[in-house]
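What follows is calculated from the coordinates using simple rules that are stated; it is not laboratory data. Computed from a predicted structure; not experimentally measured. No Cβ is skipped: glycine too gets one built from the backbone with ideal geometry, and neighbour counts run over all protein chains shown.
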Amino acid sequence: MRHPSLLPHLADLAVLVAIGEHGSISAGARAVGVAQPNASRTLARLERRFGLVLVRRGARGSELTEHGVLMADWARDALRAAERLEAGAAGLARGADGPLRIAASQTIAEALLPRWLGALHAAEPGLRVGLTVGNSDDVGRLVSTGEALGFVESPDLPGTISCDVEERVITTDRLVVVTAPGHAWALRTRPVSPGELRATPLVVREPGSGTRIALEDAMAGHRMAAPAMELPSNAAVRLAVASGVGPAVLSEHAVRAAVTAGELRAVMVDGLVVERPLRAVWAAGAGIPAAGAHLVELATRLEAPGAGDEADAYLGWGL
């Protein structure tokens, strides 16, 4: 990843997007609350940075060039990602303090929930959301209090849920095997066998995580090698794998960016597929608040096949 100081500023990208949406530099400047001369300087700075002509100026105003349209579309994605980051951070900062309380497992909180919260914030900008992140067992305990809407990933509901619950499947997740790019498995052309996987010390999540539970369920009845390392988060597992500690089995959502960037390599395992539902759960007696129901609907819509970038094709390799 390039150093942040070398990347475009979000405020500059917002100017480009606004020019495209409002049809002129002056109208775009008003939309983002800057003076027209400042917007013109911002545009010139972006054109120098990218080496592209982004706006075509004429007697009737300004319009984006073909390159400008494409760049504005990419810039819009970056701005949306920043909004998702802001929404997720706000929920974490509030913790349990919010009319809508959410408890989410780490995989969902890391890879999916920021986008869902961004959509909810756009639809209900005044809503305050409190977010607690843990593993699936942690989420189960919080759901059991009747105070939190939970999001978990596991073949079965967490055993720590001690009440009757209602649930809705949001989407399906698949586990994949990942290695460092220089690992022997990444350099071979044939798939890894299930026996090789079982005999290899893996970097694993902690007991109680949905990822660990799904892996152990898939390997039920087979002896597995002792873990090479046991870590409490997907980020820590990815770092250990990239450092050469050993392979790991993680959600495709948790590794997609690292695989795309070349930091990890996804590896095929012959004849073995592990899929699990990602679901919303809530205590049946307490019901689900209207804002929670809205969030569940938005998440289901966003994760529907073909609904957006996050619902793209499976990586193509894996467990």
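Observations on the model:
- Percent of beta bridges antiparallel (DSSP, the chain, rounded to nearest 5): 65
- The range 4-76: relative contact order in percent, alpha carbon pairs under 8 Å with at least 6 residues between: 32
- Dipole of the chain [Lys/Arg +1, Asp/Glu -1 at C-beta], most positive-end residue of Ala286, Val237, Ala75: Ala75
- Tilt relative to the chain, helix 290-302 - C-alpha long axis, 0 to 90 degrees, to 10: 90
- Adding -39500 (n - 2.57) for every DSSP H run of four residues or longer, then dividing by how many residues the chain holds, sets the calculated 222 nm ellipticity at -13500 deg cm²/dmol.
- The share of alpha-carbon pairs in the range 173-275 lying farther apart than 16 Å comes to 52%.
- Annotation for the range 204-284: trypsin sites (Lys or Arg not before Pro) lying in DSSP loop with at most 13 further Cβ atoms inside 10 Å of their Cβ are Arg223.
- 3J(HN,Hα) couplings calculated from phi for the range 22-34 with the Karplus curve 6.51 cos²θ - 1.76 cosθ + 1.60 (θ = phi - 60°) are, in sequence order, 10, x, 6, 5, 5, 5, x, 4, 4, 5, 9, x, 10 Hz; Gly and Pro show x.
- Once backbone amide H atoms are built at 1.01 Å from N, Ile170 has Leu278, Arg279, Ala280 as its partners under 5 Å, excluding neighbours fewer than 5 places away on the same chain.
- Unit charges on C-beta of K, R, D, E only; dipole of the chain, Debye: 1180
- Hz values of 3J(HN,Hα) by residue in the range 39-44 - Karplus curve (6.51, -1.76, 1.60), Gly and Pro given as x: 5, 5, 5, 4, 4, 4
- J(HN,Hα) series, the range 187-197, from Karplus relation 6.51 cos²θ - 1.76 cosθ + 1.60, nearest Hz, glycine and proline x: 9, 9, 9, 9, x, 6, 8, x, x, 4, 4
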